[in-house]
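Just below is one structure, and these are the notes that go with it.
The values are calculated or read from the model by the stated rules, or taken from the named source; none is laboratory data. Note that the coordinates shown come from a computational prediction; the quantities given were computed from them, not determined experimentally. In this analysis, Cβ positions are derived from the backbone assuming ideal geometry, glycine residues included, and neighbour counts consider all displayed protein chains. Ligands, DNA and RNA are excluded from the accessible area calculation, which covers all protein heavy atoms including side chains. Shrake-Rupley method; radii C 1.70, N 1.55, O 1.52, S 1.80 Å.
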Amino acid sequence: MKKYRAAIVGLGRMGSTISDEVVGYPSFVLPYSIADSCRASERLELVAGADIDPAKREAFQERWGVTALYEDYLEMIAQEEPDLVAVCTRGELHAEMGVKVAEAGVPMLYLEKAMACSMREADAVREAVLEHGTVFNTGVLRRFDVRYQWARELIVKGEIGEPRVAIQYAGGSLLHGHIHSVDTIMYLLGDPRAIAVRGELRPRDTKIENNRLDHDPAAIYHIEFEGGTEGFTIPAGNHDYEVIGSGGMIKGLNNGADWTWRKPELIADKWTYFRPAEFPVKEPTSSVVSCLEDLVEAYETGRPSLGQVEVAHHATEICLAVAESHRRGGVRVELPLENRDLYVWHV
């Protein structure tokens, strides 16, 4: 079994240390950082890292024993020739670095979410990835969690009838937070295309000046998908997800740690009640390891990766359409988004 050389750009939280923050949290299965997950994978060898901060490079070397450390990530790629590069920097750098990693000929790219701050940037990432045949995933990780995968399987197989509404329950910022919720709703529904979005930023008097926001605001949204299914976010809850269909419902609670499934039962030959059904327990595994190994498998087999660039690009467009709807007074915005230059900064 071939091992692939992995390198990380941005040696801070997601790149190196985030596993320390989630010890004992049932929703996240360790390992959770990229470095930790590379070490846990039989398919990857962590060989190099890059960061402009010398203190982070020193801490990374001490923690992981990696000695091939660089200030310039492009020099790292040229010298170390990694098979997989994980970009774990600030959001404003994601698109530029994603394009340059693809152009450098790296076969596999993990790009932290959100992939871009504007659709102009997202378009450039998509173009570079497709042009160079780069296998691509982003850091929206619920689609790599076996619990969500099982829920999606039941939904796609028709176990709750025809899906009608998908709902996320939790507050969140637009690009750092709701890129997760939008992607999860898309994933649970089988990745349909959205045709229109309506949204609002919080606080409601948030002003977008010169087509730009220099902070990542809280947001709510309503998404219309092809086929008539709708997606909503409710700004309260514990990162719960619910899909309601014509013949039942599935709900993930406590950020995916607990699940319920309800199926219809006819009462007195008149009324339909949704009664609890057994939701088979899936033993959770590391979604980060799964994400990285999905890149490897997609690269080896030629199949699309689970978070392929077209999916990530579409989720980004939905999020930015929320901001565009707010900018235009809460109107319904049809996709594709005409305003490709609307820019929302995020961490």
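Residue by residue through segment 239-255, note down the ones that are open to solvent by 40 Å² or more (accessible area, probe 1.4 Å) and either of a type in the set (Lys, Arg) or touching a Leu at 6+ places or on another chain (Cβ under 7 Å) (or both).
LYS251
Can you pull out the residues in segment 114-133 that are part of a loop (DSSP other than H, G, I, E, B) and surrounded by fewer than 24 Cβ atoms within 10 Å (Cβ to Cβ)?
Within segment 114-133, SER118, GLY133 qualify.
In this structure, is ALA323 at pLDDT below 95 and either touching a His at 6+ places or on another chain (Cβ under 7 Å) or more than 30 Å from ALA35 (Cα to Cα) (or both)? Break it down into steps so the answer makes sense when it comes.
Values: at pLDDT below 95: no; either touching a His at 6+ places or on another chain (Cβ under 7 Å) or more than 30 Å from ALA35 (Cα to Cα) (or both): yes.
No; evaluated as a whole, the condition is false for this residue.
Looking at segment 307-320 only, could you name the residues that are closer than 16 Å to GLY172 by Cα and either open to solvent by 10 Å² or more (accessible area, probe 1.4 Å) or out of contact with any helix residue (DSSP H, G or I) (no Cβ under 9 Å at 6 or more places or on another chain) (or both)?
none
With segment 1-106 as the region, which helices (runs of 4 or more DSSP H) entirely inside it contain at least 2 residues that are open to solvent by less than 40 Å² (accessible area, probe 1.4 Å) and under 30 Å from LEU213 (Cβ atoms)?
Correct list: 91-103.
If you go through segment 278-297 one residue at a time, do you hit one that is over 18 Å from LEU141 (Cβ atoms), open to solvent by 80 Å² or more (accessible area, probe 1.4 Å) and of a type in the set (D, E, K, R)?
We begin by selecting, within segment 278-297, every residue over 18 Å from LEU141 (Cβ atoms); these are 278-281.
This time we only want the ones that are open to solvent by 80 Å² or more (accessible area, probe 1.4 Å), so: 278, 281.
Okay, now just the ones that are also of a type in the set (D, E, K, R), so 278.
Yes: one or more hits.
List the pairs whose first member sits in segment 270-299 and is in contact (Cβ under 8 Å) with a residue 24 or more places away in the chain and part of a strand (DSSP E or B), whose second member is open to solvent by 30 Å² or more (accessible area, probe 1.4 Å) and charged (D, E, K, R), and whose Cβ atoms are under 7 Å apart, counting only residues at least 6 apart or on separate chains?
From residues that are in contact (Cβ under 8 Å) with a residue 24 or more places away in the chain and part of a strand (DSSP E or B), the pairs are PHE274/ARG262; PHE274/LYS263; ALA277/ARG262; ALA277/LYS263.
How many residues does segment 32-46 hold that are among the charged types (D, E, K, R) and closer than 20 Å to VAL140 by Cβ? Spell out how you get there, then give the answer.
In the first step, residues of segment 32-46 are kept if they are among the charged types (D, E, K, R); the result is 36, 39, 42-43, 45.
Going one step further and asking which of them are closer than 20 Å to VAL140 by Cβ, we end up with 36.
Adding up the residues that qualify gives 1.
Failed condition for LEU266, given (1) open to solvent by 20 Å² or more (accessible area, probe 1.4 Å); (2) in contact with a strand residue (DSSP E or B) (Cβ under 7 Å, 6 or more places away or on another chain); (3) modelled with pLDDT of 95 or more; (4) not in a loop (DSSP other than H, G, I, E, B), with all others met?
(3)
Being of a type in the set (Gly, Ala, Ser), at pLDDT 95 or above and in a strand (DSSP E or B) is true for just one of GLY252, GLY256, GLY330, GLY307. Which residue is that?
Details: GLY256 fails: in a strand (DSSP E or B); GLY330 fails: in a strand (DSSP E or B); GLY307 fails: in a strand (DSSP E or B).
Sole residue among the options that is of a type in the set (Gly, Ala, Ser), at pLDDT 95 or above and in a strand (DSSP E or B): GLY252.
I'm trying to understand the selection: among the residues of segment 208-219, which are aliphatic (A, V, I, L, M) and surrounded by fewer than 21 Cβ atoms within 10 Å (Cβ to Cβ)?
ILE208, ALA218
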